[in-house]
Every structure is written in C-alpha cells, then in structure tokens.
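Taking it in order: structure first as structure tokens, then the write-up.
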Amino acid sequence: MNRVSKDTVAVYFDLVKEGGVTWEAGIRDGDRLLAINGVEIRNTLTAQYLLNQVAGGDSAYYLYQSNGHEYESYVEIKKLVNFGALAISLAAMLWLIVGFIVIKSKPEGELQQLFFKIGIYFVLFSFFGMLLNNFNSNPLYDYTWLVAILAVIQLYAACFLPFFIIRFFWIFPKRLQIVNYTITEKLLTFAPRVIFGLTVVVIILQQTSLLNNLFFLLEHSISVGLFFFFFFAVVVGFISLIISYFKLDDTEEKKPIFLILISYSVAIAAIIYTTTLANELAQTIFNEPEYFFPVLLVAVLPLSFGYSIFKYSLMDVGDVIKNTMFYGLLTVALAASYFITIYILGLGISSAISTEYQGIIAGFIFVLFAVLFQSTKDKFQDYITQKFYPEQFASQKILMQFSNDVPTVVGLENILNSTQSIFIDNLRIKKFAVYLRESESDRLSLVRSFGINILPENFNHDTDAVLNIIETKTKNKLQPAIEREEFNRVFPDISKQIIEDEIYTVIPLMIKSRLIGVLLFGLKYSGARFAGRDLELLNAAANQISISLENARLYESEAEKMKMERELENARKIQESLLPKSIPEFKNLDISGCMIPAMQVGGDYYDVIKVSENKVYVIVGDVSGKGLSASFYMSKLQTMMRLYCTENTSPKEVLSNINRLIYESIERNWFITIAVGLFDLDKNVLKYCRAGHTPLLVTNNSSVQYHQSKGLGVGLESGEIFNSSLEELELELKPNNSFIFFSDGINEAMNDTEEMYGMERFQMLISENSHLSSHEIVKNTITNLKQFRSLAHQNDDITLVVAKYL
C-alpha cells in the first residue's frame with residue numbers, strides 16, 4: 001500500500017509467486033489493485049474484508065491496472081492459517097490460565113501480580129491483534145468507533161507488556177540488583193506511559209492533512225517498532241533468567257528454572273526462525289505457510305512455567321493446588337454422600353410414619369446428621385492430610401499444640417527457648433531468627449537464631465510500612481505475613497542480608513497495633529515456602545507468642561516496680577531516720593518542724609542541732625531536683641552539718657566549709673540551697689546566713705517581716721566567689737517572735753487550676769497563727785496547704801521549721 005497523492009492511498013501487488021493463482025490470472029509485481037467484485041479498493045483492510053467473504057476454492061473478480069492500462073481477471077481464492085497469530089494467542093491464553101492460578105495463591109505478592117499481568121496484557125495484545133489484522137474477517141469492521149477502541153487497547157497492551165516481562169524476570173527467580181535502583185523503578189513505571197502517549201499523538205496527528213506524508217511513514221514503523229520492542233523484552237528476560245539461574249546455589253532450586261530456560265530457548269529459537277529463515281524458505285506466507293508452523297513452539301514457555309510451578313511449588317502455588325483440587329473434590333464427594341443419605345432417610349421416614357409428624361422428625365434428623373457430617377468431614381480431611389501430606393499434618397498439629405501451650409510458659413527466656421525448640425527441633429526449619437524491639441526505640445535486636453550467618457545483631461525498621469502491610473492484608477482477608485518481595489520496602493537497610501541469608505517469610509509479633517518483634521523463617525524441612533494453612537497457623541502461634549512475651553514483660557516490669565518500691569520505701573525510712581527524731585527543749589525556745597517529700601524520698605532537709613545548753617542550730621536545705629539522687633545529696637549534707645555545726649563556728653563559716661566539700665562531689669547541674677540559723681540564748685540573738693535559700697520570715701505580734709540576706713547556692717562555685725557572696729545577719733530575739741524556716745515547696749505549691757499558693761497567702765496565714773505554738777503553726781500551715789491543693793498532686797518537697805522565742 002503506497003500513497004499516490006496527499007489524500008489518496010493505492011494498493012499494489014508484491015511477491016507474486018510464479019505459477020501461483022495470482023500469477024495465472026495475469027497479475028505481476030507492481031500492478032495496482034483497483035476493485036474486487038465491483039467494490040473500489042482504497043486500502044488493504046477493505047481488500048481483505050472482501051476476499052474473506054469468498055469461500056475457499058471459489059474465484060474473486062479483480063480489476064487491476066498494469067503499465068497504465070486496466071484489466072479484469074478472476075482469481076482463485078485460497079484460505080491460509082496464520083500460524084504466527086495463532087501461536088501468540090495460544091501462548092497468551094496458556095499464560096493467562098497459569099497466571100490465574102498463581103494470583104489466587106497469593107493475590108498480594110509482587111511476583112504473582114506481575115505474572116498475572118503478563119497473561120492479561122499478552123492476551124489483549126494477541127487477541128485484539130487477531131481481530132484487527134489483515135488476515136481475518138470480522139464484522140467489527142463495520143463499527144469504526146469500536147475498532148478504534150480495540151486498537152487503542154491493543155496499543156496500550158503492546159506498550160506495557162514488554163516492561164512487565166522485563167520487571168518479572170528481574171525479580172524471578174532471584175531478585176537482581178538492577179531492580180533495586182531508583183532510576184530502574186522510574187524507568188519501568190513511566191517509560192510505557194510515555195511510549196503509549198507518544199504513539200497516540202502520532203496516530204492522531206496522522207489524520208492532519210499537512211502531516212500526512214510524514215505520518216504515513218510513521219504508521220508502518222509503529223507496528224514494526226512495537227513488535228521488535230516486544231522481542232527485545234523477551235530477550236532481556238531470557239538473559240536475566242540465565243543470570244538468576246547461575247546465582248542460585250541450591251541444586252533443588254535450579255531444577256524448575258532449568259526446565260523454564262530450555263523452553264524459553266525453544267520459544268526464542270522459534271521466533272527467530274519464523275522471522276528470518278522461514279521467510280526465505282517459503283518466499284512468502286501466502287505460498288507455503290507450513291514453513292511457519294514451528295512458531296507454535298512459543299507456547300511451550302507458559303506450559304513449562306505451568307509444569308514447574310505445579311511440580312516444584314514455585315510462587316507459593318503448591319498449597320493452592322492441593323487445597324483447591326483435592327479438598328474441593330473431597331468436599332463435593334462428602335456433600336453428595338450427605339444429600340444421598342438425607343434422601344434415603346427421607347424415603348424411609350415417609351414409609352415408616354404417618355404424614356402428621358413427618359416434617360418434624362425429618363427436620364430433627366436433618367440437623368442431627370448435619371452435625372455428624374461436619375465432624376466426620378473434619379476427621380476425614382485430617383486423615384487424608386496425614387496420609388498424603390504427613391509433613392504438613394505434623395507441622396499443623398505441632399503449631400496448634402504450641403499455640404495452646406505457650407501462654408502457660410513463664411519468663412522471657414523460657415518463652416524464647418520454647419519458641420526456638422518448637423521451630424528448630426520439632427519442625428526442623430533450616431533458618432530461623434527472633435528479633436525483639438528494644439525499649440523506647442524502633443530498633444529490633446536479635447535474641448534467638450539458627451542457621452543465620454549474615455543478619456546483624458540489631459537493625460532499624462519502618463514501623464509504618466509494617467503496619468500498612470498488616471492493615472492492607474487484613475482488609476483483604478489475607479495472612480499478615482511479610483514476604484520476600486516486600487523486604488526491600490519494610491527492611492530497606494538489611495533487605496539484601498535477609499535475602500542472602502535465605503529468609504523467605506517474616507511474621508510480625510503484634511500487641512494492640514504495636515510491633516514488639518518479628519519471627520524470621522527460611523524454608524520448611526521439605527524445601528517449600530510457608531503458605532496457605534501454614535501461614536495461618538504461624539500467625540496464630542505468633543499471636544500467642546506476642547501475648548506471652550507481653551505478659552512476661554509486664555511481669556518483669558511489675559516485679560521491677562515492686563523491687564523499686566521496696567528500695568524506695570527503705571530509702572524513705574533511711575531518710576526519715578536522718579531527720580530529727582526529737583527536737584531539743586529549751587527554756588525560752590519552742591521549736592517544731594516537718595518535711596513532706598513529693599515522692600517517696602525527697603531532696604529537702606532540716607535539722608535542729610544542739611551545740612550547748614544555750615546554743616542551737618536550725619538548718620533547712622533544698623537539693624535541686626527530687627527523688628533518689630536528691631535524697632543522696634541530702635544525706636551527705638546532714639552528715640556534714642553534724643560535723644561543722646559547733647559551738648564556736650558561725651553560720652557563715654559552716655556554709656563555707658560545706659560548699660568546699662560539696663563542690664568537689666556534686667554534679668555540675670546540681671546545687672543545694674541552705675538556710676542556717678544559730679540561736680544564742682545567752683545573748684538573745686539569732687545569727688542567720690543563707691546560701692540561695694528562701695528568706696527567713698519573722699513574726700512580731702501580728703506583723704510579718706522577711707529577711708533575705710545575700711548568698712549563692714552551695715555547689716555552684718568552688719569558694720572565693722561563694723564566700724564573698726555570703727551575708728550573715730544578726731537579729732534580736734524578742735518575746736513571742738516566731739522565726740519561720742521553709743522551702744519553696746510551700747510558696748510554689750499549686751492547685752488543680754494551676755494557681756500558685758504564693759508568699760502573700762503564706763505570710764497572711766503565719767500572721768493569723770502567730771499567737772499559737774510552733775507545733776500548731778506547722779500543723780495549720782500543712783493543713784491549709786492540703787486544702788489549697790485539693791486534688792492536685794504535690795509538685796515539690798515541703799519543709800517547714802518554726803522556732804518561737806518565749
């Protein structure tokens with residue numbers, strides 16, 4: 001077919017066989033076909049359609065032009081078989097059938113999805129090609145819009161099919177490194193879309209008269225280009241399969257791949273022969289089409305795939321075939337026996353009893369037999385499984401028993417030992433590992449392993465990816481197992497090591513949508529992957545393991561908590577023993593005090609140290625922070641105070657000595673505030689010095705004054721600056737004066753609305769109680785604080801010492 005003008009296409013004869021039916025009619029190469037049976041010929045599609053209306057052996061009336069003259073002639077019609085189209089269609093249908101079984105085995109598997117997609121697109125590519133090519137008659141030609149839709153579908157399939165073939169053989173039977181590159185993924189995803197889009201644009205623009213000459217040439221190159229692109233993908237797939245074959249280490253794994261390689265070689269050889277040597281031998285397909293018969297050998301490729309898949313359980317198909325075919329037939333047989341038995345019983349009942357009670361008795365027997373039938377069916381299936389699939393039966397029984405027993409195992413080590421024993425010793429799994437999640441981290445640590453050589457001791461994982469896979473599979477009613485095809489997405493850092501260590505299945509250990517670990521499995525003892533019923537039982541066992549591990553964790557946590565509480569209780573008792581058991585009595589001085597820790601132990605401290613009959617130290621301290629660490633520094637402070645508070649030292653000297661020793665041992669982010677008062681009853685004075693502590697409150701009748709001398713906290717500076725910052729006050733002791741030593745746990749106390757108690761409220765309370773004894777002032781203050789806090793928790797240690805001069 002050639003273009004003779006801007007808007008006209010002519011059909012010319014070519015490859016006319018000498019002595020053939022066309023030759024005998026007087027037609028030669030280069031002659032132009034004008035009409036067939038009186039219908040003008042505008043393109044080869046019209047010519048083929050008209051010839052297909054004529055029966056084989058009959059003749060068609062040709063009008064043709066030769067050397068500028070028109071001639072008429074009758075040409076005998078021969079019907080030929082298009083072996084090329086037949087072979088492609090046959091191969092496509094066989095691939096689709098095998099692909100359907102493969103996808104049913106694991107709908108979510110990447111490998112299975114790709115194999116099935118190749119079948120679908122292969123069928124679309126070949127089937128619509130047979131509908132539309134020039135060698136077949138079809139009434140669809142009468143509907144231009146439908147032909148256009150089918151052509152677009154065929155074109156779409158032709159653009160995407162090669163990329164599916166390449167992607168499949170890059171991950172089957174072993175994932176090649178090239179598929180892990182980002183550029184590869186983008187190329188395989190976007191290239192077919194770009195090719196399809198450009199091809200559609202070319203076809204659309206071909207209708208534009210200004211570009212007709214250009215796109216007339218492109219029109220013929222598109223189909224040729226797509227065919228060679230398809231063949232290129234087939235060759236790439238073949239080379240990739242060879243590479244993967246030699247990367248396999250296990251001889252058993254190589255057996256099915258070798259069979260596929262042989263059939264693949266035959267298919268490629270058939271294609272090459274058909275497109276090269278066959279044309280030379282037959283001269284044209286119209287003359288001796290039998291030379292093209294070997295092209296049917298391309299169908300051996302899907303056949304070998306089917307045989308290898310079913311024989312060697314490739315792509316997890318084994319269990320599907322067993323369950324679907326065998327148990328399907330078993331269920332049908334049992335159901336048939338069930339209905340036959342019911343029918344026989346019904347006949348017996350009808351003849352034995354009156355019609356009045358037939359319905360009731362028949363219904364009772366129906367229900368009774370249904371129960372017995374179900375029980376018999378289950379036992380029979382178990383018996384068949386045990387006889388024909390002993391490994392599967394044994395593993396199922398072991399896993400079911402383990403799921404029942406593991407919740408009774410106590411202790412993390414015992415659970416892990418039991419888990420390892422059941423999978424390695426009993427099920428004889430070749431590769432096995434248990435990773436558990438580290439506390440407060442997304443890292444998984446190896447706690448048990450067998451046959452593992454490359455996997456690291458710990459690694460990071462994508463928690464969201466795991467949860468997404470589990471959620472997706474649960475929605476699709478699939479077992480939430482992570483398969484080898486998903487390792488790169490879930491475990492990107494170690495996917496290569498997992499695959500090289502021959503791990504095929506990962507079962508997550510979950511507690512309330514929280515991942516606590518994973519179980520890693522290699523192949524079963526038989527060499528097959530876990531699938532079907534096995535996966536269901538593995539997940540059931542994993543659920544029980546998760547519960548047991550969580551119970552063990554909670555038990556250990558509770559035990560640790562109880563141990564900590566005992567230790568804190570002991571620390572609290574020790575701390576209480578450091579506080580004054582009894583306060584010394586003086587003729588003119590009434591002293592009372594208390595310390596209430598915010599936790600079981602605290603960082604506040606107070607002491608009353610009598611150094612002579614008329615001299616007594618009152619000390620209040622507050623260690624920054626709370627808890628055990630604060631209580632530790634408080635105990636050190638108490639010991640030092642007892643050492644340096646003597647009759648001949650002043651409060652300033654005591655603080656200077658304390659700071660020198662504390663600075664050498666305290667952590668740099670810690671400090672202690674201290675207020676030291678020395679009551680000298682001979683001179684009726686109070687010497688007072690503070691190191692960053694709260695001020696001293698002094699009541700005189702109902703008025704309250706506070707004294708805030710200068711001074712840094714203890715432990716903030718080594719000595720010189722600290723000593724120069726201290727200021728010692730000397731206050732006169734007057735009758736009914738009350739001297740209030742306290743920590744900031746009082747004025748900074750907060751209620752449930754986050755309102756602070758404050759100094760103003762505290763001073764007012766002290767003023768109102770100034771006429772009371774020191775003990776009553778302390779008691780009323782603590783009571784008022786508790787009422788103010790209401791339901792709010794105590795947020796800091798509270799210390800209060802009241803010394804009243806009588």
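The values are calculated or read from the model by the stated rules, or taken from the named source; none is laboratory data. Not measured: the values here are computed from a predicted model. Heads up, the Cβs are rebuilt from the backbone with ideal geometry, glycines too, and the neighbour counts pull from every protein chain shown. Ligands, DNA and RNA are stripped out before the accessible areas are found, and what is left, the full protein with its side chains, is counted by its heavy atoms. Shrake-Rupley method; radii C 1.70, N 1.55, O 1.52, S 1.80 Å.
For the reader, a short list of remarks on this structure follows.
Residues are listed down the side, and each one gets a yes or a no for (1) assigned to a strand (DSSP E or B); (2) at pLDDT 85 or above; (3) more than 60 Å from the chain's Cα centre (by Cα):
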| site | (1), (2), (3) |
| --- | --- |
| R28 | no, yes, yes |
| V54 | no, no, yes |
| G57 | no, no, yes |
| E70 | yes, yes, yes |
| V81 | no, no, no |
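- Some residue of segment 613-629 being open to solvent by 10 Å² or more (accessible area, probe 1.4 Å), touching a residue at least 60 places away in the same chain (Cβ under 8 Å) and assigned to a strand (DSSP E or B): yes
- Only a single criterion out of (1) open to solvent by less than 50 Å² (accessible area, probe 1.4 Å); (2) part of a helix (DSSP H, G or I) is not satisfied by R761, namely (1).
- Hey, L785 part of a helix (DSSP H, G or I) and of a type outside the set (V, I, T) or not: yes
- Meets criteria (touching a Leu at 6+ places or on another chain (Cβ under 9 Å), hydrophobic (A, V, I, L, M, F, W, C) and over 28 Å from L281 (Cα atoms)) for I36: yes
- Qualifying residue in segment 280-291 (condition: open to solvent by 80 Å² or more (accessible area, probe 1.4 Å) and at pLDDT 85 or above): no
- When each of N780, N723 is tested for being in contact (Cβ under 8 Å) with a residue 12 or more places away in the chain, in a helix (DSSP H, G or I) and under 24 Å from V654 (Cα atoms), the lone residue that passes is N723.
- Residue check for T694: out of contact with any Pro (no Cβ under 6 Å at 6 or more places or on another chain), open to solvent by less than 30 Å² (accessible area, probe 1.4 Å), under 30 Å from R660 (Cβ atoms) and β-branched (V, I, T): yes
- A count restricted to segment 577-590 and to residues that are in contact with a helix residue (DSSP H, G or I) (Cβ under 6 Å, 6 or more places away or on another chain) and either at pLDDT below 70 or part of a helix (DSSP H, G or I) (or both) stands at 1.
- Leading residue by the ranking (farthest from T649 (Cα to Cα)) among those in segment 598-612 that are small (G, A, S) and open to solvent by less than 10 Å² (accessible area, probe 1.4 Å): G602
- In summary, L681 fulfils each of the numbered conditions (1) surrounded by fewer than 17 Cβ atoms within 10 Å (Cβ to Cβ); (2) in contact (Cβ under 8 Å) with a residue 12 or more places away in the chain with the single exception of condition (1).
- Selection within segment 436-477: residues that are among the small types (G, A, S) and at pLDDT below 85. The member of this set that is nearest to the chain's Cα centre (by Cα) is A465.
- Picking from residues in segment 426-435 that are under 15 Å from F530 (Cα atoms) and open to solvent by 40 Å² or more (accessible area, probe 1.4 Å), the one that is modelled with the highest pLDDT is K430.
- Count - residues of segment 783-805 that are among the hydrophobic types (A, V, I, L, M, F, W, C), buried (at least 19 other Cβ atoms within 10 Å of the Cβ) and either closer than 26 Å to P584 by Cβ or in contact (Cβ under 8 Å) with a residue 40 or more places away in the chain (or both): 5
- Subset of segment 154-171 (residues that are in contact with a Leu (Cβ under 6 Å, 6 or more places away or on another chain), open to solvent by less than 10 Å² (accessible area, probe 1.4 Å) and closer than 16 Å to F238 by Cβ): F168, F169
- Condition met for V54 (more than 20 Å from D29 (Cα to Cα) and among the β-branched types (V, I, T)): yes
- Odd one out for I574, checked against (1) open to solvent by 30 Å² or more (accessible area, probe 1.4 Å); (2) at pLDDT 70 or above; (3) out of contact with any Phe, Trp or Tyr (no Cβ under 9 Å at 6 or more places or on another chain); (4) under 27 Å from P651 (Cα atoms): (2)
One line per residue, one yes/no per condition, for (1) in a loop (DSSP other than H, G, I, E, B); (2) modelled with pLDDT of 80 or more:
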residue	(1), (2)
Q479	yes, yes
K496	no, yes
G517	no, yes
L520	no, yes
S526	yes, no
A531	yes, no
E556	no, no
